[in-house]
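Worksheet: the structure to be examined is printed underneath.
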Amino acid sequence: MSDQYSVLGKAPRSEDLKKLSSSNIHLSIKSLSAGYGKMEILHNFDLFVSKAQSLCLIGPNGAGKSTILHSIYGFTNIFSGKIEIDGKEITKLTPAEKLKSVGIAYILQDSSVFPDMTVEENLLMGGYIKDKTEDSHQEAEKILEKYERLRNRRSQPAKVLSGGERRLLEISRALVMKPSVLLVDEPSIGLEPKYIDMVFEILGDLQKNEKKTIILVEQNAKKGLEFADIGYVLVSGQTAIAGNGNELLKNPDVGRLFLGG
Ligand SMILES: Nc1ncnc2c1ncn2[C@@H]1O[C@H](COP(=O)(O)OP(=O)(O)OP(=O)(O)O)[C@@H](O)[C@H]1O
Ligand SMILES: [Mg+2]
């Protein structure tokens, strides 16, 4: 597998990666080596993203894309390196602390709505960690006001939702905690094209109008790179190519390997 990608040449340096963000970096990963148990999956990995920017990770299955999100959130073993928010080190915080104190929310790759709970109850679950349930109710109400698709079904069990509506609920549930960073794993997986567009519209709205910083993994490389300000191509736990989303769409290596042409 690695031979196939050796044509991509030299990996970008951390100085190169920084240039893709404004000087005001919101989240950074510096020389991170991390994995599961004793197995190292990410090797000296760097990442930089500014507030209200979006960054998309693409790459073959098993490259370590989800592991990057897991590491930011706190699900992996970190062997060395640092993760920072606004210059403050958060490497060793637990997922709960990350959600609550620094505002990092994680939207899972696998469907994670509770099918027998209502839409509203699902939303409230997003705030289970908040000190005051009143806050969660307020946030849930705001979300229901904004998304008619959820509002119309607020008292129905989540299992009646379509795939696209379910994804919307998963994203919305994360918003109850008012995070500043959204980690989104494969937002388009299993969705019909019209729902894929809806999900990207919602993410775009959250980035532009609510100034969320978004780091996403996307198997649909074309959609992901069209959406994101920055793209990283991950191969075997390291970044092989990085650039603006638009640049990568035009990159012949990316085209050949990930865009089917
Ligand atoms: N919980 C885990 N425990 C042990 N190994 C894991 C675990 N999760 C992932 N791995 C391993 O880590 C490597 C990277 O997996 P990861 O899920 O990050 O890849 P990915 O790029 O997201 O792939 P995909 O496109 O298939 O989702 C794989 O070899 C995988 O088997
Ligand atoms: Mg994955």
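The values are calculated or read from the model by the stated rules, or taken from the named source; none is laboratory data. Bear in mind the structure is a predicted one, so any value in this text is a computation, not a measurement. Methodologically, a virtual Cβ is constructed for each residue, glycine included, from the backbone with ideal geometry; neighbour enumeration extends over all protein chains shown.
ALA52 fulfils the conditions (1) under 23 Å from GLY245 (Cβ atoms); (2) assigned to a strand (DSSP E or B); (3) more than 16 Å from ligand 2 (Cβ to nearest atom); (4) not aromatic (Phe, Trp, Tyr) except for a single criterion, (2). One residue alone among ILE29, ILE78, ILE41, ILE90 is over 26 Å from PHE200 (Cβ atoms), of a type in the set (Val, Ile, Thr) and touching an Asp or Glu at 6+ places or on another chain (Cβ under 7 Å), and that residue is ILE90. Considering each residue of the range 77-85 in turn, none proves to be within 16 Å of ligand 2 (Cβ to nearest atom) and either modelled with pLDDT of 95 or more or touching a helix residue (DSSP H, G or I) at 6+ places or on another chain (Cβ under 9 Å) (or both). Residue check: is SER54 crowded, with 24+ Cβ neighbours inside 10 Å and either without any contact (Cβ under 8 Å) to a residue 60 or more places away in the chain or polar (S, T, N, Q) (or both)? Yes: the conditions hold for SER54. Checked against (1) in contact with a Lys or Arg (Cβ under 9 Å, 6 or more places away or on another chain); (2) closer than 18 Å to GLU186 by Cβ, LEU249 passes all but condition (2). Among the residues examined, LYS65 qualifies as among the basic types (Lys, Arg) and either under 19 Å from GLN238 (Cβ atoms) or modelled with pLDDT under 95 (or both).
Scanning the range 211-238 for residues that are polar (S, T, N, Q), out of contact with any Asp or Glu (no Cβ under 7 Å at 6 or more places or on another chain) and within 16 Å of ligand 1 (Cβ to nearest atom) yields a total of 3. With respect to the conditions (1) β-branched (Val, Ile, Thr); (2) under 30 Å from GLU210 (Cα atoms); (3) at pLDDT below 95, VAL7 lacks only one, and its number is (2). Output yes when any residue across the range 167-187 is surrounded by fewer than 22 Cβ atoms within 10 Å (Cβ to Cβ), within 16 Å of ligand 2 (Cβ to nearest atom) and either part of a loop (DSSP other than H, G, I, E, B) or hydrophobic (A, V, I, L, M, F, W, C) (or both), and no when none is. Yes, the range 167-187 contains a residue that is surrounded by fewer than 22 Cβ atoms within 10 Å (Cβ to Cβ), within 16 Å of ligand 2 (Cβ to nearest atom) and either part of a loop (DSSP other than H, G, I, E, B) or hydrophobic (A, V, I, L, M, F, W, C) (or both).
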